[in-house]
Amino acid sequence: MLLSKARETFANRIRDKVAGTDRKERADLIWRTPGERWFTNADPITRVNGAPTMYIGGIRALLLQSLHPLAMAGVAGHSGYQDDPWGRLQRTADYVATTTFARKVDVEEMIAHVRRIHGYIKGRLPDGRAYAASDPHLLKWVHCAEIESFLIAHQRFGSKPLTPAECDTYVAQTAISARMLGVVDPPQTVEELYKTLASYGPELEFSTATADVVDLLVDNPPLDVPMKWGYDMLKVGAIALLPSTARTMLGLGGSADSNRVSFSDEFWRRPVARAATFALQYTLGQVRLSEEVEAAALKTPYSPLSFD
């Protein structure tokens, strides 16, 4: 009884931070309202985006995305993430949940709202380079860094990894909302995903905005004990999954005399992350559409070719 109560309390604190205190009301709309949807519980996108590994994947995605200075300029200048980091996280979580699980009409409404906001976010860096949140090139970087992070976290730490064919399907299914948001020719396979990410290499750099993200997510996350202990385990897993080049650029390569914890030891960082994922699985469980919605939802047959 005592353990169950403690588990419930901890789970609610995690959900409040990530999804907001009004999560139950929004969940009723997203997961329990019958209607036509893109996906069912059997689809790779719902299996990945509803798993506890999303916590690790989300931290990794934000760190990786921060290395593109133009993409980060809009975030740093307009999103308010420094003053309200949990608010931004909650909005991002709401977007992912809606585009994965909600009715088509809700997805379209959400994406239209985000596109309107993107239209106002534009400017120039101090060196004169222009940026705009609606730029398809920057949107593609954010999209690819995000879904690759979600996917690799699921494959490394999830209880039921996808098959290679299912991984390709996952990438193709995420392309639906990406295209609606303004991404031109989003990747449809894992091979295309990695080729796209590699093409951005020359554009990546460590900027002031990157330093702010590292400080927020790695050095000084705004959490109290014991939430910070649990978060630190997820953080270790996220950094362990970053490409070595990205870790170096972020200053997270780890060394014996570093002020930060060393993340180079393969013998402990992944077991720690697996333990954190198991704890989240036990605490939060897998996100799934309700049985009523699952039975009533009309899933439109999806083929990547129909979106070329």
Report task. Would you be able to say whether some residue in segment 84-93 is over 26 Å from Thr245 (Cβ atoms), at pLDDT below 85 and assigned to a loop (DSSP other than H, G, I, E, B)? Result -> yes
Report task. Filter segment 92-144 for residues that are among the charged types (D, E, K, R) and either in contact with a Leu (Cβ under 9 Å, 6 or more places away or on another chain) or touching a residue at least 40 places away in the same chain (Cβ under 8 Å) (or both) and give the result. Result -> Asp94, Arg103, Lys104, Asp106, Glu108, Arg115, Lys122, Arg129, Asp135, Lys140
Query raised in the report: Regarding Gly158, is this residue surrounded by 17 or more Cβ atoms within 10 Å (Cβ to Cβ) and touching a helix residue (DSSP H, G or I) at 6+ places or on another chain (Cβ under 9 Å)?
Result: yes
Query raised in the report: Out of curiosity, is Thr53 within 28 Å of Met227 (Cα to Cα), out of contact with any Asp or Glu (no Cβ under 6 Å at 6 or more places or on another chain), at pLDDT 90 or above and open to solvent by less than 10 Å² (accessible area, probe 1.4 Å)?
Result: no
Query - Test for Leu234: is it open to solvent by 10 Å² or more (accessible area, probe 1.4 Å) and either in contact with a Pro (Cβ under 9 Å, 6 or more places away or on another chain) or within 21 Å of His68 (Cβ to Cβ) (or both) - result: no
Query raised in the report: Can you spot a residue in segment 169-192 that is assigned to a loop (DSSP other than H, G, I, E, B), small (Gly, Ala, Ser) and open to solvent by 70 Å² or more (accessible area, probe 1.4 Å)?
Result: no
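The values are calculated or read from the model by the stated rules, or taken from the named source; none is laboratory data. Everything numeric here is computed off the predicted structure, so don't read it as measured data. Counting neighbours? That spans all protein chains shown, and the Cβs are built from the backbone with ideal geometry, glycine included. The accessibility values were calculated without ligands, DNA or RNA, using every heavy atom of the protein model including side chains. Shrake-Rupley method; radii C 1.70, N 1.55, O 1.52, S 1.80 Å.
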